[in-house]
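Below is one structure, written out as structure tokens; the observations come after it.
Nothing in this text is a laboratory measurement; each read-out follows from the coordinates by a stated rule. Given the structure is predicted, the values throughout are model-derived calculations rather than measurements. We place every Cβ from the backbone using ideal geometry, glycine too, and count neighbours over all the protein chains shown.
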């Protein structure tokens, strides 16, 4: 059985053209199975950090180490858009990564059915993306991301375009899956409430260049029903993060 990675980020910096520093000297260790959220103003390098973790970009300085191994193959990336293939059904989209791995058809079908059920889409296996709501599309994308049983899930504000009700429900489903599966997860979001509900720790980044401003532990139970949002403990953490974000200068 594969073990979720422990990730060590050491003195990580990223500089783009014209000498613009996007990230500077990030140092953090993410434990195996931990759920981490990054919050900060637009332009602070949150999405760039995810691309560095996915090896889609190379750091200018510093290192990212996965359990002392330089590469990690079993990762999945959930983007802001659903990126479903319009000519495939929900079942076909979920099982596409398995098809590319040449997994036998019967096994692909069984895995797609299981994952569709997990995200509440068992009734929609034969639907095409044009027949799905925004929330259903993101559910299908989430199921597709989980089809290869990843050790690491990277999430680049995947629920940002959804209405509040759909977003909250997807947060609840995502947290329940993570609680059961315990892969390592890193989320970029602009929603304080989402970060608190999902995370073990929330990391606030300064803007231009992105540096760690503050790390806030989320001292909530591992199991989180929707009612936890009404608790004083949850509201206190939300207020603490909101106050800390107000300390960060915004570059205009």
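Overview of results
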read-out	value
Alpha-carbon centroid distance for the pair the stretch 24-68 / the stretch 80-102, whole angstrom	27
Relative contact order [Cα under 8 Å, 6+ residues apart], the chain, whole percent	27
Calculated FRET value between residue 58 and residue 83, using beta carbons and R₀ = 22 Å, to 0.05	0.40
Length added when fully stretched, residue 16-residue 165, from 0.36 nm per residue minus Cα-Cα	49.9 nm
Alpha carbon centroid spacing (whole Å) that separates the stretch 105-120 from the stretch 126-152	11
Contact order relative to length of the stretch 1-71, as percent, for alpha carbon pairs under 8 angstrom and 6 or more apart	41
For the stretch 85-149, projected area of the alpha-carbon convex hull averaged over all directions, nm²	3.8
Length-normalised contact order of the stretch 85-149 in % [C-alpha pairs under 8 Å, at least 6 apart]	48
Helix 134-146 vs. the chain, principal-axis angle (Cα, 0 to 90°, nearest 10)	90
Residue among 104, 158, 41 with the largest mean-square fluctuation in a Gaussian network model of the chain, springs linking Cα atoms under 10 Å	104
GNM top mover of 159, 79, 38 - the chain, alpha-carbon springs below 10 Å	79
Residues 202, 238, 90 arranged by fewest to most Cβ contacts within 10 Å	238, 202, 90
Residue with peak Gaussian network fluctuation, the chain [Cα springs, cutoff 10 Å], from 110, 39, 53	110
Neighbour-count order for 137, 46, fewest beta carbons within 10 angstrom listed first	137, 46
As computed over the stretch 146-252, the Cα convex hull volume per residue (Å³)	120
Order of 138, 18 - criterion: other Cβ atoms within 10 Å of each residue's Cβ, fewest first	18, 138
